[in-house]
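Visitor: The structure that follows is given in the form of structure tokens.
No lab work stands behind these numbers, since they all come straight from the coordinates. Not measured: the values here are computed from a predicted model. When we count neighbours, we look across all protein chains shown, and the Cβ atoms used for this are built from the backbone with ideal geometry, even at glycine.
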Amino acid sequence: MEGPEKTAGRKSGTVLTSRRVLIAVIAVGMALFHILTAGIRPLPGVQQRTVHLSFALALIFLMFPLKTRTDESQDTKVSDEYRPLSVLDIILVLLSVFIGVYVFVEYEALSYRAGEPNFLDSSCSLVAILLLLEATRRVIGWSVVIICLFCFLYLAIGTHLPKVIAHSGFGFEETINYIFFSTEAILGSPLGVSATVIIVFIIFGSFLTVSGAGPLFIDVGLSLFGRFRGGPAKAAIMGSCMFGMITGSQVASVTAAGVVTIPLMKRAGYQPIVAGSIEALASTGGMLVPPVMGATAFIIPEMIGGTYWDVCRAALIPGLLFYVSVYMIIELQAAKYGLRGFSKEQLPKFF
């Protein structure tokens with residue numbers, strides 16, 4: 001039985017477990033690594049992407065622990081970060097660290113023996129592929145893993161299939177090394193964008209979240225729209241738009257702004273489900289408005305050969321139209337239910 005102090009600490013997020021400590025240490029290390037390599041000491045693409053992947057895999061195995069049927073049936077109320085570390089999770093984290101360290105240390109040697117990998121190179125490739133499949137299974141489920149396994153099966157038996165769909169054959173060692181070490185497979189452009197651009201904006205967005213930028217944006221929105229009909233909801237639109245267009249994350253926007261806007265909307269007369277829906281909708285739209293938008297916006301230029309600003313110009317008008325339509329919906333709802341704004345005394349000053 002847990003004591004009341006431990007239970008209260010768990011509910012408030014103050015209990016330190018080995019899993020939470022490891023998550024914090026790895027996350028801080030990952031942030032420092034990417035801040036360092038973003039401008040102070042850039043690394044070659046393969047090194048940067050492999051270390052980035054190594055950090056991400058280690059965090060996934062800690063944040064999405066392996067659950068047995070007993071865990072799922074008897075302990076569903078326990079958050080994943082409070083589950084005890086299993087031996088398998090520890091092994092997977094260590095293997096994730098191994099592939100990052102190995103490629104980082106052996107990068108020059110790997111370049112010299114490209115096309116002629118040794119046993120350790122092939123072992124690293126195989127381990128990395130298996131780790132990535134297991135991480136995908138834990139986060140997304142079996143669907144993507146089954147598709148990948150089907151592709152591996154095709155590589156194995158393709159020489160025995162009808163000529164229309166057959167291939168000339170690929171060796172096992174050749175295949176796994178190409179999949180991992182080639183910049184046209186796992187270490188390709190999407191991972192490169194994630195390791196150099198997206199991660200920096202995620203760190204920036206997290207900094208804005210914990211620094212209290214969310215309430216500041218809401219105060220700006222309230223000072224401009226709070227006195228009008230449906231003012232709190234309109235302030236939520238502006239605040240979430242401003243926060244989302246800087247961070248590019250709807251989750252961060254809801255987390256930072258929703259704790260302020262949802263109670264305000266409820267106090268103004270909106271039903272809880274409507275208040276939550278408005279905040280979710282307003283935060284989601286932040287991914288459509290330049291300059292940051294979502295992670296996909298950084299991958300699109302790599303795929304189509306354009307520039308990021310081409311994507312921004314194309315997204316500007318649709319993003320603005322999205323918020324205009326949301327504003328009109330809120331205006332019509334406020335008129336229908338007679339929802340008024342706040343008095344001047346209740347509103348924050350612009351400065």
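Visitor: In vacuo Debye scattering of the range 90-189, one point per C-alpha: log10 I(q)/I(0) at q = 0.10, 0.14, 0.17, 0.23 Å⁻¹?
Guide: Each listed q maps to, in turn, -0.32, -0.62, -0.88, -1.30.
Visitor: Can you give the Rg to Rh ratio of the range 220-275, both from alpha-carbon atoms, with Rh computed by the Kirkwood formula?
Guide: Using Cα coordinates only, the ratio equals 0.97.
Visitor: If a/c stays under 1.5 just call it rounded; otherwise compare a/b with b/c (prolate if a/b is bigger, oblate if not). Do that for the range 15-187, with a ≥ b ≥ c from the square roots of the Cα gyration tensor eigenvalues.
Guide: Oblate, since a/c reaches 1.5 and b/c is not below a/b.
Visitor: Grab the alpha carbons of the range 141-233, take their convex hull, and tell me the volume per residue in Å³.
Guide: In the range 141-233, the Cα hull volume divided by residue count equals 205 Å³.
Visitor: Further question on the same structure: May I ask for the equivalent-ellipsoid semi-axes of the range 212-346, computed as the square root of five times each C-alpha gyration tensor eigenvalue and listed largest first in whole Å?
Guide: Gyration-tensor ellipsoid for the range 212-346: 29, 14, 12 Å.
Visitor: Fewest first, what order do Arg267, Arg138 take by the number of other Cβ atoms within 10 Å?
Guide: The fewest-first ordering by Cβ neighbours comes to Arg267, Arg138.
Visitor: Translational D (Stokes-Einstein, µm²/s) of the range 249-306 at 10 °C and 1.306 mPa s when Rh comes from the Kirkwood sum over C-alpha pairs?
Guide: 125 µm²/s
Visitor: If the chain between Asp310 and Phe152 were fully stretched, how many nm would it gain, using 0.36 nm times the residue separation less the Cα-Cα distance?
Guide: Gain on extension, Asp310 to Phe152, equals 53.2 nm.
Visitor: Return, for the Cα atoms of the chain, the radius of gyration and Dmax in Å, separated by a comma.
Guide: Rg then Dmax for the chain, in Å: 24.6, 79.
Visitor: Something else now. With 10 angstrom as the radius, rank Leu316, Leu339 by how many other C-beta atoms surround their C-beta, starting from the fewest.
Guide: Leu316, Leu339
Visitor: Hey, fewest Cβ within 10 Å first, where do Lys266, Lys349, Lys234 land in order?
Guide: Lys349, Lys266, Lys234
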